[in-house]
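What follows is calculated from the coordinates using simple rules that are stated; it is not laboratory data. Everything numeric in this text was worked out from a predicted model, so none of it was measured. For neighbour counting, all protein chains shown are included, and Cβ atoms are generated from backbone atoms with ideal geometry for every residue, glycine included.
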Amino acid sequence: MNVPSTFFGWVSFLLDRYGQLFLQGTGITLLVALTGTILGFVIGLLVAIVRTVPLPKGPWYRKLPLKLVHFLLNVYIEVFRGTPMIVQSMVIYYGSMMIGLIKRGTPVLPAAILIVSINTGAYMAEIIRGGIISVDKGQKEAATAIGMTHWQAMVHVVLPQAVRNIMPSIGNEFVVNIKDSSVLNVISLNELYFTGKSAAGNYGRYFEAFFVIACIYLVLTFSVTRLLRLLERKMDGKKNYTIYGSQSDSHSSITVNEEEA
Amino acid sequence: MEKILEIQHLEKHFGDHVVLKDISFSVEKGDVICIIGSSGSGKSTLLRCINFLEEPTGGEILYHGKNAETACKRTIYNSKVGMVFQSFNLFGNHTVLENCMLGQMQVLKASRADAEKRALTYLQRVGMDAYRAARPAQLSGGQKQRVAIARALCMEPEVLLFDEPTSALDPEMVGEVLNVMQDLASAGMTMLIVTHEMSFARDVASRVLFMDGGVIVEDAPPQQLFSQPKQPRTQEFLKRVLARQL
């Protein structure tokens with residue numbers, strides 16, 4: 001076999017042999033990070049909404065059910081923020097194997113997505129709570145004052161603004177998930193880091209293999225942050241608006257552009 | 001006249017701190033009631049208790065003779081007793097037009113077309129229809145407050161509560177908001193207004209309530225309250241305030 005002798009020689013050798021595998025690993029990493037972030041966002045949203053529901057009036061036993069739910073949600077957040085994801089993967093994966101939920105040899109991908117989602121959900125719940133607090137509570141009061149319910153006010157007024165305000169943090173979570181899904185190699189998920197490890201181990205070329213892997217991670221995270229920036233711009237809406245009609249002509253209109261003004 | 005609201009022995013305390021003590025008065029159709037008094041006298045809390053933004057701790061509010069808490073759903077009651085806030089509280093994620101449509105569609109279940117039509121009618125009434133496509137952040141304080149009034153009117157309320165509607169405005173914008181309120185008053189809108197604008201209270205109100213220390217000290221027509229206040233506390237307050245304002 002013709003063994004390369006230079007750094008770039010090894011890089012192109014590994015890319016040639018393992019390019020396909022790396023690409024596959026990249027796909028898995030993106031899939032786990034993206035679905036994990038989205039599901040985590042949904043979990044966080046639900047948790048945050050439930051945690052902002054005001055306690056009902058009346059005697060203690062009417063408050064008890066909601067208080068209990070609040071308590072359990074706090075436990076969830078504390079446990080999943082307070083332990084490393086690598087440990088959570090082991091506990092959840094081998095735990096569910098022990099109680100017979102999954103068998104040895106079943107695909108690990110669903111388990112991996114579940115782990116990342118639950119973990120992200122715990123962080124998202126706090127991020128979204130912060131977002132809700134960031135929206136002036138007068139708007140919630142105004143919604144209540146025209147007769148909207150807690151749920152309507154949340155969905156149509158508070159959450160859209162809360163989510164806009166926390167977009168940078170959601171981006172953070174996504175980037176963290178792209179990188180930290182690498183810990184799922186402990187349950188043998190064939191994500192990007194795992195493929196790098198296989199490639200490196202076969203030839204003992206750790207530096208070259210992980211140099212390639214590092215570059216791929218960087219490209220992923222960089223493109224994701226750019227895309228999220230674009231999304232934020234889109235959420236901000238148009239910077240210009242139209243004023244309709246004037247005193248002399250009710251059909252005239254002027255467009256005011258704030259960026260020029 | 002038909003009584004829309006009757007406030008009976010209303011009490012509110014936050015912990016040990018008593019803010020409202022035994023407040024009783026009624027609001028008849030077409031009344032324009034101005035509530036005056038120094039800061040901390042409980043004026044805003046009273047208003048906020050009337051539409052349950054604050055839960056009263058005692059007493060009762062009757063809506064058309066029936067207990068407001070049990071007679072109808074809270075959301076329906078709130079849509080009938082509108083509120084305009086000191087800090088406008090427009091929905092920042094919606095345009096001016098959408099601000100006026102949201103409540104109609106969500107609470108009154110109006111169709112989009114009907115909601116838009118009614119929204120434009122009331123925006124026109126407050127002179128803000130030209131700005132229907134703007135977002136709240138793009139408007140001046142006076143414009144925001146006029147939109148907030150239109151938003152409240154869109155629910156076709158029976159009573160409108162105003163919580164210091166001009167206190168957060170630059171002096172030059174106070175006039176445009178007071179003009180809108182004056183127009184509403186002459187059109188027969190029932191209004192309950194917490195204000196520091198004494199000349200507005202004198203000229204527009206049908207009744208003026210003077211509050212101090214969580215109680216209504218004096219309840220009289222404006223001519224009487226401003227020219228011959230009966231209570232010493234009212235006299236003292238007016239002496240301090242009118243020296244600056246009128």
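Points worth noting:
- Annotation: peptides A:70-76, A:59-65, A:161-167, ranked by per-residue average of other Cβ atoms within 10 Å with the highest first, follow the order A:161-167, A:70-76, A:59-65.
- Rounded FRET efficiency, nearest 0.05, which uses the C-beta distance separating A:VAL186 from B:ASN67 and R0 of 56 Å: 0.35
- For residues of B:182-191, the mean tally of beta carbons on other chains within 10 Å: 0
- Ordering of A:168-177, B:105-114, B:22-31 by burial proxy (mean other Cβ atoms within 10 Å per residue, highest first): A:168-177, B:22-31, B:105-114
- Residues of type lysines that A:LYS179 reaches as a straight line, Cα spacing below 22 Å, ignoring anything fewer than 8 places off in the same chain: A:LYS197
- Most simply put, the protein assembly as shown has about 60% antiparallel DSSP beta bridges, counting only bridges with both residues inside it.
- Long pairs among B:LYS80/B:LYS109; A:LYS137/A:LYS239; A:LYS239/B:LYS144; B:LYS3/B:LYS80, criterion Cα-Cα beyond 20 Å: A:LYS137/A:LYS239
- Rounded Å value of the spacing that divides the Cα centres of segment B:154-192 and segment B:62-131: 15
- Rounded to 10°, Cα long-axis angle of helix B:232-245 versus longest principal axis of chain B: 50
- Just so you know, the Cα atoms of segment A:1-155 work out to an Rg and Dmax of 23.0, 81 Å.
- Diffusion coefficient, µm² s⁻¹, Stokes-Einstein with Kirkwood Rh over alpha-carbon pairs of segment A:153-261 at 20 °C and 1.002 mPa s: 117
- Principal axis box of the protein assembly as shown, alpha-carbon based, largest edge first, Å: 110, 63, 43
- 10 Å Cβ neighbours from other chains, averaged over peptide B:95-107: 3
- Protection proxy ranking of B:132-142, A:221-231, A:46-56 - average other beta-carbon atoms within 10 Å, highest first: B:132-142, A:46-56, A:221-231
- Based on Cα contacts under 8 Å between residues 6+ apart, chain A shows a relative contact order of 26 percent.
- Highest-fluctuation residue, B:GLY37, B:GLY58, B:GLY15 considered, GNM on chain B with Cα pairs under 10 Å: B:GLY15
- Scaled against 2.2 N^0.38 Å for its residue count N, the alpha carbon radius of gyration of segment B:1-102 is 1.18.
- Between A:CYS215 and A:THR6, the simple label model (points 7 Å from Cα in the Cβ direction) yields a spacing of 1.4 nm.
- Span from the segment A:176-228 Cα centroid across to the segment A:130-154 one, whole angstrom: 43
- q = 0.12, 0.16 Å⁻¹, segment B:77-178: log10 I(q)/I(0) [Debye, one scatterer per Cα]: -0.34, -0.60
- Helix-derived mean residue ellipticity, 222 nm - over chain B, DSSP H n ≥ 4, -39500 (n - 2.57), to 500: -12000 deg cm²/dmol
- Mean per-residue shielding of peptide A:132-138 is 2, counting Cβ atoms of other chains within 10 Å of each Cβ.
- Chain A: calculated mean residue ellipticity at 222 nm from DSSP helix runs of at least 4, using -39500 (n - 2.57): -25000 deg cm²/dmol
- Note on chain B: Rg/Rh from Cα positions, Kirkwood definition for Rh, rounded to two decimals, is 0.97.
- Between the helical axis of B:171-186 and the longest alpha-carbon principal axis of chain B there is an angle of about 90 degrees.
- Span-rule helices in chain A, defined as complete DSSP H runs reaching 24 Å or more along the axis (Cα) with Kyte mean at least -1.0: A:7-52, A:60-82, A:109-134, A:159-180, A:206-236
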